[in-house]
1. On the principal axes of its Cα set, how long, how wide and how thick is segment 185-309? Give whole Å, largest value first.
2. What residues qualify as long-range amide H neighbours of residue 53, i.e. H under 5 Å apart, gap of 5 or more or another chain, H built at 1.01 Å from N?
3. Report the local net charge at residue 331: Lys and Arg +1, Asp and Glu -1, summed over other residues whose C-beta lies under 15 Å from its C-beta.
4. Please work out how much accessible surface residue 63 shows to a 1.4 Å probe, ignoring ligands, DNA and RNA, in Å² rounded to 10.
5. Per-residue HN-Hα couplings for segment 313-326, Karplus 6.51 cos²θ - 1.76 cosθ + 1.60 at θ = phi - 60°, whole Hz, x for Gly and Pro?
6. Please calculate the 1.4 Å probe accessible area of residue 17, with all protein chains present, and give it to the nearest 10 Å².
7. Give the accessible surface of segment 299-367 per residue, rounded to a whole number of Å², with probe radius 1.4 Å and ligands, DNA and RNA excluded.
8. Which semi-axes, in whole Å and largest first, does the equivalent ellipsoid of segment 332-381 have when worked out from the alpha carbon gyration tensor as the square roots of 5 times its eigenvalues?
Amino acid sequence: MASSTELTLLIIYAVAFYIFIIHRSLQISHDHYTKVYGLRPGWIFHRLNDVSDAQWRNFRGNLTILTLVFGIFTLVATACRKYGLKAKGMAAIWLLVSLAYLSYLHGACIIYILSIASANYLLVKICGRTNFVFLLWIFNLTLLICNRVYEGYPFSLFGQSWAYLDNYRGTFRWHICFNFVILRMISFGYDYHWKDYSNQFDKEKHIQRCNNCSLGRTCYQLLQERSLENNKFSFTIYLCYLIYAPLYIAGPIVSFNAFSSQLDTPQKTHSLKKVVWYGLRWIFSLMLMESMTHFFYYNAFAVSGTWKYLSPLDIFIIGYGVLNFMWLKFFLLWRYFRFWSLINGIEAPENMPRCINNCYNLESFWRNWHASFNKWLVRYMYIPLGGTKTKLLNVWVIFTFVAVWHDLEWKLLSWAWLTCIFFIPEMIIKSTTNALKVESSFGKFLYRELSAVAGAITITCLMVANLVGFVIGSSGINWLLSKFLQKEGLPTLGGMFITFYVGTKLMFHISDAKQKRIHNR
(Lines give C-alpha, C1' and ligand atoms only; values in the text may rest on other atoms or scores of the structure.)
Protein backbone atom coordinates (compact mmCIF):
# COMPACT_ATOMS: atom_id res chain seq x y z
CA MET A 1 0.00 0.00 0.00
CA ALA A 2 2.76 2.42 0.98
CA SER A 3 4.63 1.50 -2.19
CA SER A 4 1.63 2.24 -4.46
CA THR A 5 1.03 5.58 -2.66
CA GLU A 6 4.68 6.51 -3.15
CA LEU A 7 4.47 5.56 -6.83
CA THR A 8 1.35 7.71 -7.32
CA LEU A 9 3.04 10.73 -5.72
CA LEU A 10 6.18 10.19 -7.80
CA ILE A 11 4.15 10.05 -11.03
CA ILE A 12 2.25 13.23 -10.11
CA TYR A 13 5.55 15.02 -9.49
CA ALA A 14 7.04 13.72 -12.76
CA VAL A 15 4.00 14.81 -14.79
CA ALA A 16 4.06 18.27 -13.18
CA PHE A 17 7.81 18.54 -13.85
CA TYR A 18 7.45 17.74 -17.56
CA ILE A 19 4.47 20.07 -17.99
CA PHE A 20 6.58 22.86 -16.49
CA ILE A 21 9.65 21.96 -18.62
CA ILE A 22 7.59 21.92 -21.85
CA HIS A 23 5.84 25.21 -21.02
CA ARG A 24 9.07 26.97 -20.05
CA SER A 25 10.96 25.58 -23.07
CA LEU A 26 8.31 26.92 -25.42
CA GLN A 27 8.52 30.31 -23.75
CA ILE A 28 12.34 30.49 -23.88
CA SER A 29 12.36 29.46 -27.55
CA HIS A 30 9.71 32.06 -28.40
CA ASP A 31 11.39 34.90 -26.49
CA HIS A 32 14.97 34.39 -27.69
CA TYR A 33 14.82 32.72 -31.14
CA THR A 34 16.16 35.88 -32.84
CA LYS A 35 19.39 35.65 -30.78
CA VAL A 36 20.39 32.12 -31.78
CA TYR A 37 21.74 30.72 -35.03
CA GLY A 38 21.19 27.42 -36.79
CA LEU A 39 17.45 27.88 -37.31
CA ARG A 40 15.95 27.25 -40.75
CA PRO A 41 12.38 27.48 -42.13
CA GLY A 42 10.52 24.35 -41.02
CA TRP A 43 7.49 22.41 -42.22
CA ILE A 44 5.45 22.21 -38.99
CA PHE A 45 3.04 25.16 -38.60
CA HIS A 46 5.57 27.40 -40.45
CA ARG A 47 7.86 27.32 -37.41
CA LEU A 48 11.64 27.61 -37.60
CA ASN A 49 13.52 24.31 -37.30
CA ASP A 50 16.67 23.86 -35.19
CA VAL A 51 19.30 22.27 -37.48
CA SER A 52 22.28 23.75 -35.62
CA ASP A 53 23.78 20.30 -34.99
CA ALA A 54 25.94 19.46 -38.03
CA GLN A 55 25.67 15.69 -37.57
CA TRP A 56 21.86 15.77 -37.42
CA ARG A 57 21.65 18.29 -40.25
CA ASN A 58 23.79 16.09 -42.53
CA PHE A 59 21.85 12.92 -41.69
CA ARG A 60 18.47 14.60 -42.12
CA GLY A 61 19.55 16.30 -45.35
CA ASN A 62 20.90 13.08 -46.87
CA LEU A 63 18.10 10.80 -45.68
CA THR A 64 16.61 10.53 -49.18
CA ILE A 65 19.86 9.40 -50.85
CA LEU A 66 20.62 7.09 -47.91
CA THR A 67 17.21 5.44 -48.25
CA LEU A 68 17.76 5.04 -52.01
CA VAL A 69 21.07 3.24 -51.34
CA PHE A 70 19.26 1.24 -48.62
CA GLY A 71 16.67 0.09 -51.21
CA ILE A 72 19.22 -0.82 -53.92
CA PHE A 73 21.43 -2.68 -51.44
CA THR A 74 18.46 -4.63 -50.07
CA LEU A 75 17.17 -5.59 -53.54
CA VAL A 76 20.59 -6.87 -54.59
CA ALA A 77 21.11 -8.77 -51.31
CA THR A 78 17.63 -10.36 -51.44
CA ALA A 79 18.11 -11.49 -55.04
CA CYS A 80 21.51 -13.02 -54.23
CA ARG A 81 20.17 -14.83 -51.17
CA LYS A 82 17.46 -16.43 -53.35
CA TYR A 83 20.18 -17.85 -55.62
CA GLY A 84 21.71 -19.52 -52.56
CA LEU A 85 24.88 -17.44 -52.26
CA LYS A 86 26.69 -17.89 -48.94
CA ALA A 87 29.81 -16.64 -47.13
CA LYS A 88 32.35 -15.62 -49.81
CA GLY A 89 29.66 -15.24 -52.48
CA MET A 90 27.53 -12.91 -50.36
CA ALA A 91 30.64 -11.09 -49.14
CA ALA A 92 31.76 -10.46 -52.73
CA ILE A 93 28.35 -9.05 -53.75
CA TRP A 94 28.06 -6.85 -50.65
CA LEU A 95 31.66 -5.75 -51.12
CA LEU A 96 31.02 -4.55 -54.69
CA VAL A 97 27.89 -2.61 -53.69
CA SER A 98 29.65 -1.16 -50.63
CA LEU A 99 32.65 -0.08 -52.74
CA ALA A 100 30.30 1.78 -55.09
CA TYR A 101 28.70 3.46 -52.05
CA LEU A 102 32.13 4.42 -50.65
CA SER A 103 33.21 5.81 -54.02
CA TYR A 104 30.25 8.21 -53.86
CA LEU A 105 31.02 9.14 -50.23
CA HIS A 106 34.81 9.51 -50.42
CA GLY A 107 35.80 9.68 -54.08
CA ALA A 108 39.53 9.16 -54.60
CA CYS A 109 40.08 8.79 -50.83
CA ILE A 110 38.91 5.20 -51.15
CA ILE A 111 42.61 4.57 -52.01
CA TYR A 112 43.53 5.39 -48.39
CA ILE A 113 40.84 3.09 -46.99
CA LEU A 114 41.84 0.09 -49.11
CA SER A 115 45.58 0.63 -48.53
CA ILE A 116 45.27 0.85 -44.74
CA ALA A 117 42.84 -2.10 -44.61
CA SER A 118 45.26 -4.23 -46.68
CA ALA A 119 48.20 -3.30 -44.42
CA ASN A 120 46.21 -4.31 -41.32
CA TYR A 121 45.19 -7.60 -42.96
CA LEU A 122 48.84 -8.44 -43.75
CA LEU A 123 49.87 -7.55 -40.18
CA VAL A 124 47.22 -9.88 -38.73
CA LYS A 125 47.96 -12.74 -41.13
CA ILE A 126 51.73 -12.55 -40.65
CA CYS A 127 51.80 -11.96 -36.88
CA GLY A 128 48.35 -13.12 -35.77
CA ARG A 129 49.46 -16.51 -34.46
CA THR A 130 52.08 -14.88 -32.24
CA ASN A 131 51.65 -12.55 -29.27
CA PHE A 132 51.03 -9.63 -31.64
CA VAL A 133 48.34 -7.69 -29.75
CA PHE A 134 50.81 -4.92 -28.91
CA LEU A 135 51.64 -4.44 -32.62
CA LEU A 136 47.94 -4.42 -33.56
CA TRP A 137 47.21 -1.63 -31.06
CA ILE A 138 50.29 0.43 -32.00
CA PHE A 139 49.40 0.24 -35.69
CA ASN A 140 45.76 1.23 -35.23
CA LEU A 141 46.32 3.92 -32.58
CA THR A 142 48.99 5.53 -34.76
CA LEU A 143 46.54 5.58 -37.66
CA LEU A 144 43.76 6.98 -35.46
CA ILE A 145 45.93 9.93 -34.40
CA CYS A 146 47.60 10.55 -37.78
CA ASN A 147 44.28 10.51 -39.63
CA ARG A 148 43.09 13.38 -37.42
CA VAL A 149 46.35 15.33 -37.32
CA TYR A 150 46.73 15.29 -41.12
CA GLU A 151 42.94 15.63 -41.67
CA GLY A 152 42.66 12.70 -44.03
CA TYR A 153 46.01 13.29 -45.80
CA PRO A 154 45.69 15.75 -48.70
CA PHE A 155 47.03 14.08 -51.86
CA SER A 156 49.28 17.11 -52.31
CA LEU A 157 51.36 15.74 -49.38
CA PHE A 158 52.71 13.12 -51.77
CA GLY A 159 53.70 15.61 -54.47
CA GLN A 160 52.10 17.93 -56.96
CA SER A 161 51.52 15.10 -59.44
CA TRP A 162 48.91 13.73 -56.98
CA ALA A 163 47.38 17.09 -56.00
CA TYR A 164 44.63 16.94 -58.65
CA LEU A 165 43.00 14.08 -56.71
CA ASP A 166 42.14 16.55 -53.93
CA ASN A 167 39.37 17.77 -56.25
CA TYR A 168 37.75 14.31 -56.00
CA ARG A 169 37.51 13.70 -52.27
CA GLY A 170 33.78 12.86 -52.33
CA THR A 171 30.96 14.27 -50.22
CA PHE A 172 31.99 12.96 -46.79
CA ARG A 173 35.34 13.11 -44.94
CA TRP A 174 36.69 9.56 -44.99
CA HIS A 175 38.80 9.84 -41.82
CA ILE A 176 35.70 10.58 -39.72
CA CYS A 177 34.04 7.29 -40.76
CA PHE A 178 37.35 5.47 -40.50
CA ASN A 179 37.22 5.60 -36.69
CA PHE A 180 34.62 2.80 -36.91
CA VAL A 181 36.77 0.90 -39.43
CA ILE A 182 39.65 0.96 -36.93
CA LEU A 183 37.45 -0.76 -34.33
CA ARG A 184 36.59 -3.42 -36.92
CA MET A 185 40.25 -3.91 -37.86
CA ILE A 186 41.11 -4.49 -34.20
CA SER A 187 38.14 -6.87 -33.87
CA PHE A 188 39.32 -8.89 -36.88
CA GLY A 189 42.85 -9.07 -35.45
CA TYR A 190 41.73 -10.27 -32.01
CA ASP A 191 39.17 -12.79 -33.34
CA TYR A 192 41.80 -14.25 -35.69
CA HIS A 193 44.33 -14.40 -32.85
CA TRP A 194 41.85 -16.07 -30.47
CA LYS A 195 40.46 -18.68 -32.86
CA ASP A 196 43.12 -21.29 -31.99
CA TYR A 197 42.90 -20.72 -28.24
CA SER A 198 40.57 -22.61 -25.92
CA ASN A 199 37.35 -20.68 -25.46
CA GLN A 200 36.02 -20.27 -21.92
CA PHE A 201 32.51 -19.73 -23.29
CA ASP A 202 30.16 -22.55 -22.21
CA LYS A 203 27.94 -23.05 -25.26
CA GLU A 204 25.61 -25.66 -23.74
CA LYS A 205 25.04 -23.67 -20.57
CA HIS A 206 24.35 -20.54 -22.63
CA ILE A 207 21.78 -22.32 -24.84
CA GLN A 208 19.92 -23.55 -21.74
CA ARG A 209 19.70 -20.03 -20.29
CA CYS A 210 19.15 -17.99 -23.45
CA ASN A 211 15.52 -17.58 -24.58
CA ASN A 212 16.48 -17.22 -28.24
CA CYS A 213 19.03 -20.03 -28.45
CA SER A 214 16.79 -22.47 -26.55
CA LEU A 215 14.17 -21.94 -29.28
CA GLY A 216 16.67 -22.59 -32.07
CA ARG A 217 17.27 -18.91 -32.91
CA THR A 218 20.99 -18.22 -32.52
CA CYS A 219 21.56 -15.03 -30.52
CA TYR A 220 24.25 -12.39 -31.09
CA GLN A 221 26.39 -13.50 -28.13
CA LEU A 222 26.63 -17.06 -29.40
CA LEU A 223 27.54 -15.80 -32.89
CA GLN A 224 30.31 -13.70 -31.37
CA GLU A 225 31.77 -16.32 -29.05
CA ARG A 226 31.93 -19.39 -31.28
CA SER A 227 35.13 -20.10 -33.24
CA LEU A 228 35.22 -19.79 -37.02
CA GLU A 229 36.90 -21.92 -39.69
CA ASN A 230 40.03 -20.61 -41.43
CA ASN A 231 38.20 -19.86 -44.69
CA LYS A 232 36.01 -17.28 -42.90
CA PHE A 233 39.10 -15.10 -42.39
CA SER A 234 39.58 -14.48 -46.12
CA PHE A 235 40.46 -11.04 -47.49
CA THR A 236 37.09 -10.73 -49.26
CA ILE A 237 35.08 -11.37 -46.09
CA TYR A 238 37.43 -9.14 -44.07
CA LEU A 239 37.07 -6.21 -46.47
CA CYS A 240 33.31 -6.71 -46.71
CA TYR A 241 33.16 -6.58 -42.90
CA LEU A 242 35.14 -3.32 -42.76
CA ILE A 243 33.02 -1.41 -45.30
CA TYR A 244 29.63 -3.19 -45.08
CA ALA A 245 27.40 -0.32 -46.24
CA PRO A 246 24.56 -0.47 -43.63
CA LEU A 247 26.97 -0.19 -40.69
CA TYR A 248 29.82 1.75 -42.31
CA ILE A 249 29.01 5.38 -41.43
CA ALA A 250 28.04 5.11 -37.75
CA GLY A 251 27.68 1.48 -36.70
CA PRO A 252 26.36 -0.17 -34.54
CA ILE A 253 29.63 -2.01 -34.07
CA VAL A 254 29.49 -5.75 -34.72
CA SER A 255 32.38 -8.13 -34.01
CA PHE A 256 34.06 -9.97 -36.90
CA ASN A 257 32.98 -13.36 -35.58
CA ALA A 258 29.33 -12.30 -35.38
CA PHE A 259 29.37 -10.69 -38.84
CA SER A 260 31.10 -13.56 -40.61
CA SER A 261 28.81 -16.14 -38.95
CA GLN A 262 25.74 -14.47 -40.46
CA LEU A 263 26.97 -14.58 -44.06
CA ASP A 264 25.93 -18.23 -44.40
CA THR A 265 22.67 -17.98 -42.46
CA PRO A 266 20.84 -14.64 -42.06
CA GLN A 267 19.86 -13.66 -38.52
CA LYS A 268 16.79 -15.46 -37.11
CA THR A 269 16.51 -13.65 -33.78
CA HIS A 270 14.16 -11.03 -35.22
CA SER A 271 11.22 -12.10 -37.38
CA LEU A 272 10.15 -10.04 -40.41
CA LYS A 273 7.16 -8.77 -38.41
CA LYS A 274 9.48 -7.60 -35.60
CA VAL A 275 11.83 -5.89 -38.05
CA VAL A 276 8.95 -4.06 -39.79
CA TRP A 277 7.61 -2.91 -36.40
CA TYR A 278 11.13 -1.76 -35.53
CA GLY A 279 11.11 0.40 -38.68
CA LEU A 280 7.68 1.87 -37.90
CA ARG A 281 8.82 2.79 -34.39
CA TRP A 282 11.80 4.54 -35.98
CA ILE A 283 9.45 6.66 -38.12
CA PHE A 284 7.48 7.60 -34.99
CA SER A 285 10.75 8.59 -33.25
CA LEU A 286 11.73 10.70 -36.26
CA MET A 287 8.43 12.60 -35.97
CA LEU A 288 9.17 13.12 -32.27
CA MET A 289 12.57 14.59 -33.16
CA GLU A 290 11.05 16.85 -35.80
CA SER A 291 8.54 18.12 -33.23
CA MET A 292 11.32 18.75 -30.72
CA THR A 293 13.51 20.72 -33.14
CA HIS A 294 10.56 22.79 -34.41
CA PHE A 295 9.32 23.83 -30.97
CA PHE A 296 12.37 23.68 -28.64
CA TYR A 297 15.64 25.24 -29.78
CA TYR A 298 17.84 23.58 -27.14
CA ASN A 299 20.88 22.89 -29.29
CA ALA A 300 20.76 26.29 -31.00
CA PHE A 301 20.88 28.00 -27.57
CA ALA A 302 23.89 25.90 -26.57
CA VAL A 303 26.00 26.22 -29.75
CA SER A 304 25.33 29.96 -30.10
CA GLY A 305 26.22 30.58 -26.42
CA THR A 306 22.95 32.45 -25.81
CA TRP A 307 22.05 30.30 -22.81
CA LYS A 308 24.96 31.83 -20.86
CA TYR A 309 22.88 34.98 -20.43
CA LEU A 310 19.79 33.19 -19.09
CA SER A 311 18.78 32.47 -15.48
CA PRO A 312 20.11 29.32 -13.73
CA LEU A 313 16.68 27.68 -14.09
CA ASP A 314 16.63 28.29 -17.85
CA ILE A 315 20.25 27.07 -18.14
CA PHE A 316 19.22 23.81 -16.43
CA ILE A 317 16.27 23.43 -18.83
CA ILE A 318 18.48 24.04 -21.89
CA GLY A 319 21.19 21.67 -20.58
CA TYR A 320 18.63 18.96 -19.84
CA GLY A 321 17.06 19.52 -23.26
CA VAL A 322 20.41 19.35 -25.08
CA LEU A 323 21.23 15.96 -23.50
CA ASN A 324 17.79 14.61 -24.48
CA PHE A 325 18.29 15.98 -28.01
CA MET A 326 21.68 14.25 -28.23
CA TRP A 327 20.19 10.97 -27.02
CA LEU A 328 17.34 11.09 -29.55
CA LYS A 329 19.72 12.10 -32.36
CA PHE A 330 22.01 9.12 -31.79
CA PHE A 331 19.00 6.87 -31.20
CA LEU A 332 17.68 7.75 -34.67
CA LEU A 333 21.05 7.47 -36.43
CA TRP A 334 21.98 4.13 -34.95
CA ARG A 335 18.52 2.57 -35.26
CA TYR A 336 18.27 3.60 -38.91
CA PHE A 337 21.51 1.80 -39.80
CA ARG A 338 20.69 -1.18 -37.57
CA PHE A 339 17.29 -1.48 -39.28
CA TRP A 340 19.03 -1.45 -42.68
CA SER A 341 21.38 -4.21 -41.49
CA LEU A 342 18.58 -6.33 -40.00
CA ILE A 343 16.60 -6.16 -43.26
CA ASN A 344 19.67 -7.61 -44.98
CA GLY A 345 20.06 -10.45 -42.47
CA ILE A 346 22.91 -9.14 -40.30
CA GLU A 347 22.11 -8.53 -36.64
CA ALA A 348 24.06 -5.84 -34.81
CA PRO A 349 23.67 -4.96 -31.12
CA GLU A 350 21.13 -2.30 -30.19
CA ASN A 351 22.98 0.92 -29.38
CA MET A 352 20.33 2.63 -27.25
CA PRO A 353 18.43 -0.15 -25.45
CA ARG A 354 17.37 2.17 -22.62
CA CYS A 355 16.17 5.77 -22.50
CA ILE A 356 18.57 8.38 -21.13
CA ASN A 357 15.94 9.25 -18.49
CA ASN A 358 16.01 5.70 -17.14
CA CYS A 359 19.64 5.48 -15.97
CA TYR A 360 20.66 6.39 -12.44
CA ASN A 361 24.20 5.02 -12.18
CA LEU A 362 27.28 5.38 -14.37
CA GLU A 363 27.67 1.68 -15.12
CA SER A 364 24.12 1.23 -16.42
CA PHE A 365 24.34 4.51 -18.35
CA TRP A 366 27.44 3.43 -20.27
CA ARG A 367 26.00 -0.03 -20.90
CA ASN A 368 23.03 1.62 -22.57
CA TRP A 369 24.63 4.58 -24.35
CA HIS A 370 26.39 3.40 -27.53
CA ALA A 371 25.96 -0.10 -26.16
CA SER A 372 27.65 -1.84 -29.11
CA PHE A 373 30.79 0.23 -28.45
CA ASN A 374 30.57 -0.76 -24.79
CA LYS A 375 30.42 -4.45 -25.80
CA TRP A 376 33.43 -3.89 -28.05
CA LEU A 377 35.37 -2.21 -25.22
CA VAL A 378 34.55 -5.03 -22.80
CA ARG A 379 35.57 -7.75 -25.27
CA TYR A 380 38.71 -6.20 -26.74
CA MET A 381 39.99 -3.91 -23.95
CA TYR A 382 38.43 -4.48 -20.53
CA ILE A 383 38.84 -8.28 -20.38
CA PRO A 384 42.37 -8.34 -21.95
CA LEU A 385 43.42 -5.62 -19.46
CA GLY A 386 42.40 -7.84 -16.53
CA GLY A 387 38.66 -7.27 -16.15
CA THR A 388 37.32 -6.75 -12.62
CA LYS A 389 40.73 -7.46 -11.07
CA THR A 390 42.09 -4.12 -12.31
CA LYS A 391 38.80 -2.25 -12.77
CA LEU A 392 39.94 1.01 -11.13
CA LEU A 393 42.88 1.24 -13.54
CA ASN A 394 40.96 -0.06 -16.57
CA VAL A 395 38.39 2.74 -16.58
CA TRP A 396 41.14 5.36 -17.01
CA VAL A 397 42.72 3.54 -19.95
CA ILE A 398 39.38 2.77 -21.61
CA PHE A 399 37.81 6.23 -21.26
CA THR A 400 41.02 7.93 -22.44
CA PHE A 401 40.91 5.70 -25.53
CA VAL A 402 37.21 6.52 -26.06
CA ALA A 403 37.99 10.27 -25.89
CA VAL A 404 40.87 10.01 -28.38
CA TRP A 405 38.75 7.76 -30.62
CA HIS A 406 36.06 10.47 -30.80
CA ASP A 407 38.48 13.31 -31.55
CA LEU A 408 41.71 14.97 -30.44
CA GLU A 409 40.19 17.64 -28.21
CA TRP A 410 40.90 18.65 -24.62
CA LYS A 411 37.20 18.89 -23.82
CA LEU A 412 36.80 15.19 -24.66
CA LEU A 413 39.74 14.25 -22.46
CA SER A 414 38.18 16.38 -19.71
CA TRP A 415 34.92 14.47 -20.20
CA ALA A 416 36.75 11.14 -20.02
CA TRP A 417 38.71 11.95 -16.87
CA LEU A 418 35.71 13.55 -15.13
CA THR A 419 33.75 10.36 -15.82
CA CYS A 420 36.57 8.27 -14.34
CA ILE A 421 36.65 10.45 -11.22
CA PHE A 422 32.87 10.02 -10.83
CA PHE A 423 33.23 6.27 -11.37
CA ILE A 424 35.58 5.73 -8.41
CA PRO A 425 33.12 6.45 -5.53
CA GLU A 426 30.39 4.46 -7.31
CA MET A 427 32.67 1.40 -7.58
CA ILE A 428 33.75 1.70 -3.94
CA ILE A 429 30.14 2.04 -2.72
CA LYS A 430 29.01 -0.91 -4.87
CA SER A 431 31.76 -3.21 -3.58
CA THR A 432 30.95 -2.17 0.02
CA THR A 433 27.18 -2.70 -0.31
CA ASN A 434 27.69 -6.07 -2.02
CA ALA A 435 29.70 -7.19 1.00
CA LEU A 436 26.93 -6.10 3.39
CA LYS A 437 23.61 -7.94 3.43
CA VAL A 438 20.68 -5.84 4.60
CA GLU A 439 17.84 -7.98 5.97
CA SER A 440 15.65 -5.82 8.24
CA SER A 441 12.76 -3.77 6.82
CA PHE A 442 14.25 -0.53 8.14
CA GLY A 443 17.65 -1.47 6.72
CA LYS A 444 16.13 -2.08 3.28
CA PHE A 445 14.22 1.20 3.46
CA LEU A 446 17.37 3.11 4.46
CA TYR A 447 19.41 1.39 1.74
CA ARG A 448 16.81 2.31 -0.89
CA GLU A 449 16.70 5.96 0.23
CA LEU A 450 20.49 6.26 0.24
CA SER A 451 20.59 4.65 -3.21
CA ALA A 452 18.07 7.24 -4.46
CA VAL A 453 20.26 10.06 -3.07
CA ALA A 454 23.32 8.48 -4.71
CA GLY A 455 21.35 8.21 -7.96
CA ALA A 456 20.49 11.92 -7.86
CA ILE A 457 24.17 12.79 -7.34
CA THR A 458 25.21 10.45 -10.18
CA ILE A 459 22.70 11.96 -12.64
CA THR A 460 24.02 15.43 -11.79
CA CYS A 461 27.59 14.24 -12.38
CA LEU A 462 26.59 12.66 -15.70
CA MET A 463 24.99 15.92 -16.83
CA VAL A 464 28.09 17.90 -15.92
CA ALA A 465 30.51 15.43 -17.58
CA ASN A 466 28.54 15.22 -20.83
CA LEU A 467 27.96 18.98 -21.05
CA VAL A 468 31.69 19.53 -20.53
CA GLY A 469 32.65 16.88 -23.09
CA PHE A 470 30.20 17.67 -25.86
CA VAL A 471 28.91 21.22 -25.31
CA ILE A 472 30.76 23.76 -23.12
CA GLY A 473 34.27 22.27 -22.93
CA SER A 474 36.57 22.19 -19.89
CA SER A 475 36.79 26.00 -19.85
CA GLY A 476 33.03 26.15 -19.22
CA ILE A 477 33.18 24.35 -15.86
CA ASN A 478 33.90 27.57 -13.94
CA TRP A 479 31.01 29.34 -15.69
CA LEU A 480 28.63 26.47 -14.89
CA LEU A 481 29.67 26.36 -11.23
CA SER A 482 29.44 30.14 -10.84
CA LYS A 483 25.87 30.09 -12.17
CA PHE A 484 24.61 27.41 -9.81
CA LEU A 485 26.63 28.11 -6.66
CA GLN A 486 25.61 31.75 -6.37
CA LYS A 487 22.55 32.85 -4.37
CA GLU A 488 20.25 32.94 -7.40
CA GLY A 489 21.28 29.47 -8.51
CA LEU A 490 21.02 27.56 -5.21
CA PRO A 491 17.19 27.11 -5.35
CA THR A 492 17.53 25.70 -8.89
CA LEU A 493 20.29 23.38 -7.71
CA GLY A 494 18.09 22.17 -4.84
CA GLY A 495 15.09 21.66 -7.13
CA MET A 496 17.26 19.82 -9.63
CA PHE A 497 18.51 17.47 -6.93
CA ILE A 498 14.95 16.76 -5.68
CA THR A 499 13.82 16.08 -9.26
CA PHE A 500 16.65 13.62 -9.87
CA TYR A 501 15.90 11.96 -6.52
CA VAL A 502 12.25 11.52 -7.59
CA GLY A 503 13.39 10.28 -10.99
CA THR A 504 15.67 7.69 -9.38
CA LYS A 505 12.83 6.44 -7.17
CA LEU A 506 10.65 6.09 -10.27
CA MET A 507 13.40 4.07 -11.95
CA PHE A 508 13.45 1.76 -8.90
CA HIS A 509 9.73 1.12 -9.36
CA ILE A 510 10.21 0.44 -13.09
CA SER A 511 13.02 -2.01 -12.28
CA ASP A 512 10.88 -3.73 -9.62
CA ALA A 513 8.00 -4.11 -12.10
CA LYS A 514 10.32 -5.68 -14.68
CA GLN A 515 11.73 -8.13 -12.13
CA LYS A 516 8.22 -9.07 -11.04
CA ARG A 517 7.18 -9.69 -14.65
CA ILE A 518 10.22 -11.93 -15.25
CA HIS A 519 9.55 -13.82 -12.01
CA ASN A 520 5.89 -14.46 -12.98
CA ARG A 521 6.77 -16.00 -16.35
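The values are calculated or read from the model by the stated rules, or taken from the named source; none is laboratory data. What you see is a predicted model, and the numbers here were worked out from it, not measured in a lab. Here Cβ is always computed from backbone atoms with ideal geometry, including for glycine, and neighbour counts include all displayed protein chains. Accessible surface areas use protein heavy atoms only, side chains included; no ligands, DNA or RNA. Shrake-Rupley method; radii C 1.70, N 1.55, O 1.52, S 1.80 Å.
1. Extents along the principal axes: 60, 32, 27 Å.
2. It is none; the list stays empty.
3. Here the charged neighbours net out to +3.
4. Number for this one is 30 Å².
5. 4, 5, 4, 4, 4, 5, x, 5, x, 4, 5, 5, 4, 4
6. Only protein atoms counted, so the area is about 30 Å².
7. Per residue, segment 299-367 has an accessible area of 25 Å².
8. One finds semi-axes of 21, 15, 6 Å for segment 332-381.
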